[in-house]
1. What is the one condition in (1) modelled with pLDDT of 95 or more; (2) in a loop (DSSP other than H, G, I, E, B); (3) among the aromatic types (Phe, Trp, Tyr) that TYR241 does not satisfy?
2. Of the residues that sit in the stretch 238-275 and are in contact with a helix residue (DSSP H, G or I) (Cβ under 9 Å, 6 or more places away or on another chain) and open to solvent by 20 Å² or more (accessible area, probe 1.4 Å), which one is nearest to LEU222 (Cα to Cα)?
3. Within the group LEU171, LEU210, which residue is open to solvent by less than 20 Å² (accessible area, probe 1.4 Å) and in contact (Cβ under 8 Å) with a residue 12 or more places away in the chain?
4. Mind listing whichever residues of the stretch 306-329 are open to solvent by 30 Å² or more (accessible area, probe 1.4 Å) and assigned to a strand (DSSP E or B)?
5. Tell me whether the stretch 265-273 contains one or more residues that are under 16 Å from VAL176 (Cβ atoms) and in contact with a Pro (Cβ under 6 Å, 6 or more places away or on another chain).
6. Test of understanding: among LEU28, LEU117, which residue is more than 30 Å from LEU315 (Cβ to Cβ), modelled with pLDDT of 95 or more and not assigned by TED's automatic domain parsing to the domain that holds TRP352?
7. Could you go through the stretch 93-102 and let me know if any residue there is in a loop (DSSP other than H, G, I, E, B), out of contact with any Lys or Arg (no Cβ under 9 Å at 6 or more places or on another chain) and surrounded by 14 or more Cβ atoms within 10 Å (Cβ to Cβ).
8. How do the pairs read when you match residues in the stretch 284-313 that are farther than 18 Å from TYR331 by Cα with residues anywhere that are open to solvent by less than 90 Å² (accessible area, probe 1.4 Å) and at pLDDT 85 or above, using Cβ under 8 Å and keeping only pairs 6 or more apart or on different chains?
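The values are calculated or read from the model by the stated rules, or taken from the named source; none is laboratory data. Predicted, not measured: the structure shown is a model, and the values here were computed from it. Because the Cβ atoms are built from the backbone with ideal geometry, glycine has one as well, and the counts that use them run over all protein chains shown. Each accessible area value is taken on the protein alone, full model and side chains, heavy atoms only, with ligands, DNA and RNA left out. Shrake-Rupley method; radii C 1.70, N 1.55, O 1.52, S 1.80 Å.
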Amino acid sequence: MAGCFFLIVSQALFNAAQPRPSFYRDVLPILQGHCQSCHRPDAIAPFSLMTYRETRLRAQAIGAAGESRKMPPWFADPCCGHFANDPSLTPEQIAAIKDWIEAGAPEGNRNDGPPTLHWTAGWNVPRPDLVLKMPVPVRLPAAGDVEYTYEIVPTDFAEGRWVQMSELRPLARDHVHHAVVYIRPPESNWLRGAPIGVPFTASTLHDPHLMHEAHSTTSDLLLVYAPGSSPDNWPEGMAKYIPAHSDLIFQMHYTTNGQPASDQTSLGVRFARTPPAKRVLTLQLANDSDRIPIPPNASNYRVAVEGTLPNDAELLSFFPHMHLRGKNFEYNIGHADGTQETLLRVNYDFYWQLSYLPVGAAVSARRHQARSHRPV
Ligand code: HEC
């Protein structure tokens, strides 16, 4: 009898010790760590989740988006690999949001939460050492397809420079599907003869050789931007190299959305403070999209491309890229002992082209394969 009494008392104490859910204590830290990079004024998401009022207004939708794992956007199949930039919520975080909503989305006490994060309206990399803007704006029509648009920007670097961080900031963000900045060293003949400092597309280049070249290059890539992507920030002791007197070639893929616009994308870079021990290279394994013969009514069609690394390497990041018909994407590595390992499997979404930063993929493997599956 006495034991039973004690049991009830301790249960009651336990309940009393469970505080009521609070926005500031339970929800705000999750929003700061997983949502506000996009959900803040002037960022890519359509509404802000900076304050209690903004969040309360959307509480149901936030709970649903969290539970269905629609938000934060992330497309790596949990089957394979671990990624340093995986923003996914843990089951505990999803449950904390749910408990808060079920309790009526109470505000709680401001002092129980973390201080408000101050996001910079400008660059996400700390103070760029150099900002290069596409010299001439690109006019975008309200409708129709826009061909890949290029602009060549000379650097005039008297000596080679090492880039530690870089970021692309489009002006007409709603229209940019992807942007790539290539590094063209002085000895490269890629697109030599194309105009400098003005926008052009392959079809405006009258030389058939140049037209073909616009779509293929072996040049190193400084960085890629796509909606939702973050700036590049290479680990300590590693950096991208821009040889002296290189040109930077901006390749812009614009989409139309009913509104005409004008874009002038800027590149911000921060140089390495000391010369790094390792050089970061971006390799492309590509299929020529003009030659992918998807049969009618095929729901899955596999396209593979493979290559061999010239030397041992450390894998820092994957950027799977396809167009509208892309469905799944897989990276496999063939190890020297003949075994194969899947490093990344992506449920590909055309509108969310993310980079995936593998943890512990420092491999000395030589074979590198990428596979993609395309529906019709
Ligand atoms: C990488 C940028 C990004 C991050 C991080 C992000 N969102 Fe979003 N979110 C968006 C964009 C863009 C949209 C609108 C387009 C869409 O629905 O896909 C959106 C839409 C939403 C919607 C509306 C969904 C619907 O079904 O209409 C909710 C709710 C939401 N986000 C909540 C969150 C929460 C909660 C987090 C953090 C746990 C989060 N988001 C993290 C970019 C982001």
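1. For TYR241, the exception is condition (2).
2. Among them, the one singled out is THR255.
3. Values: LEU171 fails: open to solvent by less than 20 Å² (accessible area, probe 1.4 Å).
Selected residue: LEU210, the only one of LEU171, LEU210 that is open to solvent by less than 20 Å² (accessible area, probe 1.4 Å) and in contact (Cβ under 8 Å) with a residue 12 or more places away in the chain.
4. If the condition is that a residue be open to solvent by 30 Å² or more (accessible area, probe 1.4 Å) and assigned to a strand (DSSP E or B), then GLU306, THR308, ASN328 are the ones that fit.
5. Quick first cut of the stretch 265-273, residues under 16 Å from VAL176 (Cβ atoms) only: 265-268.
Next, only the ones that are in contact with a Pro (Cβ under 6 Å, 6 or more places away or on another chain) stay: 265, 268.
Looking through the stretch 265-273, at least one residue is under 16 Å from VAL176 (Cβ atoms) and in contact with a Pro (Cβ under 6 Å, 6 or more places away or on another chain).
6. Values: LEU117 fails: modelled with pLDDT of 95 or more.
None of the other options fit; the residue is LEU28.
7. Here is the first cut: in the stretch 93-102, the residues in a loop (DSSP other than H, G, I, E, B) are none.
Scanning the stretch 93-102, I find no residue that is in a loop (DSSP other than H, G, I, E, B), out of contact with any Lys or Arg (no Cβ under 9 Å at 6 or more places or on another chain) and surrounded by 14 or more Cβ atoms within 10 Å (Cβ to Cβ), so the answer is no.
8. Final answer for the pair search is ILE292/TYR301; ILE292/VAL303; ILE294/TYR301; PRO295/TYR301.
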